[in-house]
């Protein structure tokens, strides 16, 4: 791969455009999996500090089901697809063709369904970015976790904030047309630090 592509893929000047393109592609993947049209309610790009990170998923004590992936290639980052538990259960029923309210807990099969959902959404997102930049990005196997927002975001942000005291996050909210199911799609890339690059290690 060429070095210029590697350094510039996630510099901030390109990130907003790439984020929107990848997000719309990710939702098309989700639509295919749940066999329903999924509508994007909003795409927001924010710089988030560690102090405010927990509020990305609601109140600290709110329970969420998180589907978490790392991605790597010419750059790296994290993806978190998050739902309230009752919405995650509903999505499992939609994918499996079950009547509503069939799923009431996360067993091995339900986690597998949600993991595959995260894999599809993450892959669709990364493919859109990679095709645009003529590069290669690959997701890790997904992990499915149900926990309080505070704990879920703490584990995600600990890794992200090893790079800096704040991160750039895509916050994508979406719903299905009939059932008004809402979820969030957070992407935390490693943004190129131009000031640090310009120093080239000099004092």
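The values are calculated or read from the model by the stated rules, or taken from the named source; none is laboratory data. This structure is a prediction, so every number in the text was calculated from the model and none was measured. Ideal geometry is used to build each Cβ from the backbone, glycine not excepted, and the neighbour counts take in all protein chains shown.
Overview of results
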| read-out | value |
| --- | --- |
| Count of segment 110-136 residues which are under 18 Å from residue 67 (Cα atoms) and touching a helix residue (DSSP H, G or I) at 6+ places or on another chain (Cβ under 8 Å) | 12 |
| Residues that are surrounded by fewer than 18 Cβ atoms within 10 Å (Cβ to Cβ) and in a strand (DSSP E or B), drawn from segment 14-42 | 39, 40, 41, 42 |
| Count of segment 76-135 residues which are closer than 30 Å to residue 190 by Cβ and in a loop (DSSP other than H, G, I, E, B) | 4 |
| Segment 176-203, residues that are surrounded by 14 or more Cβ atoms within 10 Å (Cβ to Cβ) and either under 21 Å from residue 46 (Cα atoms) or at pLDDT 85 or above (or both) | 183, 184, 185, 186, 187, 188, 189, 190, 191, 192 |
| Extreme residue, farthest from residue 114 (Cα to Cα), among residues of segment 61-83 that are more than 15 Å from the chain's Cα centre (by Cα) and surrounded by 14 or more Cβ atoms within 10 Å (Cβ to Cβ) | 74 |
| Test: residue in segment 92-102 that is surrounded by fewer than 17 Cβ atoms within 10 Å (Cβ to Cβ), within 18 Å of the chain's Cα centre (by Cα) and modelled with pLDDT under 90 | no |
